[in-house]
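S.K.: Let me give you the structure first, and then I'll get to my questions.
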Amino acid sequence: MRFDANYSFLHTSRTLIAAPKHKLFLGVDWQPGRFTLHSGLQWIDGLHTAENSTATENFWLWDLTASLRVSRALKVFDHGENLLAQLYEVNAGFPMPRATVMAGVEVLL
């Protein structure tokens with residue numbers, strides 16, 4: 001099992017669009033045998049979405065990926081983003097999608 005984390009703090013005298021003041025990420029990878037699971041939780045705070053606006057966004061995002069190596073050349077996976085279904089915008093007027101899930105097959109050559 002592997003854990004990773006990072007935090008960034010942006011200190012500026014001007015308003016920067018799409019650049020949060022606080023950003024925290026916590027992640028974990030677990031790989032028992034041919035199965036792999038990755039989970040990441042991200043916290044965003046103080047995100048300005050429009051110029052000349054004092055309003056800021058803050059939200060949590062949770063992503064999860066599971067995969068199984070079927071053979072040397074084939075892997076199947078399932079990936080979910082924003083699984084907490086947060087309603088947020090990075091740029092004003094352009095809402096980000098709520099929870100999304102995709103599945104696929106990866107051919108390894």
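S.K.: Cβ-Cβ under 6 Å, sequence separation 6+ or interchain: first residue in region 37-55 and free of Cβ contacts under 8 Å to residues at least 40 places away in the same chain and more than 19 Å from T12 (Cβ to Cβ), partner open to solvent by 30 Å² or more (accessible area, probe 1.4 Å) and hydroxyl-bearing (S, T, Y). Which pairs?
M.R.: Note: pairs meeting the criteria are H38/T65.
S.K.: In region 36-56, how many residues are modelled with pLDDT under 95 and charged (D, E, K, R)?
M.R.: 1
S.K.: I would also like to ask the following. In region 1-48, which residue that is more than 18 Å from the chain's Cα centre (by Cα) and of a type in the set (S, T, N, Q) is nearest to R69 (Cα to Cα)?
M.R.: The residue in question is Q31.
S.K.: Taking interchain pairs and intrachain pairs at least six residues apart, which have beta carbon atoms under 6 angstrom, with the first residue in region 11-29 and small (G, A, S) and the second surrounded by 14 or more Cβ atoms within 10 Å (Cβ to Cβ)?
M.R.: From residues that are small (G, A, S), the pairs are A18/V90; G27/G40.
S.K.: Looking only at region 58-109, filter to residues that are closer than 30 Å to F9 by Cα and either touching a helix residue (DSSP H, G or I) at 6+ places or on another chain (Cβ under 7 Å) or aromatic (F, W, Y) (or both); which one of those is surrounded by the fewest Cβ atoms within 10 Å (Cβ to Cβ)?
M.R.: Selected residue: F94.
S.K.: Count, please, the residues in region 35-57 that happen to be open to solvent by 50 Å² or more (accessible area, probe 1.4 Å) and under 16 Å from M1 (Cβ atoms).
M.R.: Selection size over region 35-57: 4.
S.K.: What about V107, is it out of contact with any Cys (no Cβ under 6 Å at 6 or more places or on another chain) and in contact (Cβ under 8 Å) with a residue 40 or more places away in the chain?
M.R.: No: the conditions fail for V107.
S.K.: Conditions: (1) outside any strand (DSSP E or B); (2) at pLDDT 95 or above. A103 meets all but one. Number of the miss?
M.R.: It fails just one condition, (1).
The values are calculated or read from the model by the stated rules, or taken from the named source; none is laboratory data. Just so we're clear, the structure is a prediction, and the values are computed from it rather than from any experiment. Please note: Cβ atoms are built from the backbone with ideal geometry, for glycine as well, and neighbour counts cover all protein chains shown. When the accessible area is computed, the model is the full protein with side chains, heavy atoms only, and any ligands, DNA or RNA have been set aside. Shrake-Rupley method; radii C 1.70, N 1.55, O 1.52, S 1.80 Å.
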